[in-house]
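A.B. asks: Okay, handing you the structure first.
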Amino acid sequence: MFLRRKKTTHTSTGQRGEKKAIGYLRRRGYRILTRNFLCRLGEIDIVARKGETIIFAEVRSRQHPFLVDPLATVDQRKIDRIIRSARYYLVKERLGEPPCRFDVLGITFVPGRMPKIRHIKNAFQIRDARSVSGRQLIPGESKWYQE
């Protein structure tokens, strides 16, 4: 006998956030290539393309009230997993070495209001592809966008 797990609020908030992020990106001219790309190295929420650039986007969603800002939950371990998964995606899809970017979208749901979307373009990058310690989250208010 198999038991089905009921979807938690956490899961449904994440799925709602991804749907909002996809709509947000499409309205800004991004073409969505893949959603929830999963491999043994990790997961990428959204893979999109704008012009020649491939964008690997991490979506973080929270329901108000929350203790931690959604964007603050992307830690170094998650960054490493996204980068490894992105490399695998490029090889699997035989895309070669196109220009790539790593974005993070933070979605906050407040009851009775439109969701707040913050988009950090080029949120982190690979400084030295040969080094595990070569990744760095690039903070800065100039990288935050709101809808």
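Bear in mind that the values in this text are calculations on the coordinates, not laboratory data. Here the structure is a predicted model, which is why all the values come from computation and not from measurement. When we count neighbours, we look across all protein chains shown, and the Cβ atoms used for this are built from the backbone with ideal geometry, even at glycine.
A.B. asks: From the Cα gyration tensor of region 23-143, with a ≥ b ≥ c the square roots of its eigenvalues, which class applies: rounded if a/c is under 1.5, or else prolate if a/b is larger than b/c, or else oblate?
C.D. replies: Prolate, because a/c is 1.5 or more and a/b exceeds b/c.
A.B. asks: Could you calculate the FRET efficiency of Arg87 with Arg27 from 1/(1 + (r/R0)^6), where r is the beta carbon distance between them and R0 is 41 Å, rounded to 0.05?
C.D. replies: Step by step, r from the Cβ atoms, then E = 0.90.
A.B. asks: Right, next: Using Cβ counts within 10 Å as a stand-in for footprinting exposure, how do Val47, Val68, Val110, Val59 rank, fewest first?
C.D. replies: Val68, Val110, Val47, Val59
A.B. asks: While we're looking at this one, here's another question. Charges at C-beta only: +1 for Lys and Arg, -1 for Asp and Glu. How large is the resulting dipole of region 23-143 about its Cα centre, in Debye rounded to 20?
C.D. replies: Here the size comes out at about 260 debye.
A.B. asks: Simple spin-label model, 7 Å along Cα-to-Cβ: Glu52 to Arg40 in nm?
C.D. replies: The modelled label-to-label distance comes out at 3.4 nm.
A.B. asks: Please report Asp45, Asp75, Asp80 as a ranked list, fewest other C-beta atoms within 10 angstrom at the top and most at the bottom.
C.D. replies: Placing the least packed residue first, the sequence is Asp75, Asp80, Asp45.
A.B. asks: For a test of understanding, tell me how many lysine pairs in region 23-143 have Cα atoms under 19 Å apart, given they are 8 or more places apart or on different chains.
C.D. replies: Step by step, the pairs that qualify in region 23-143 add up to 5.
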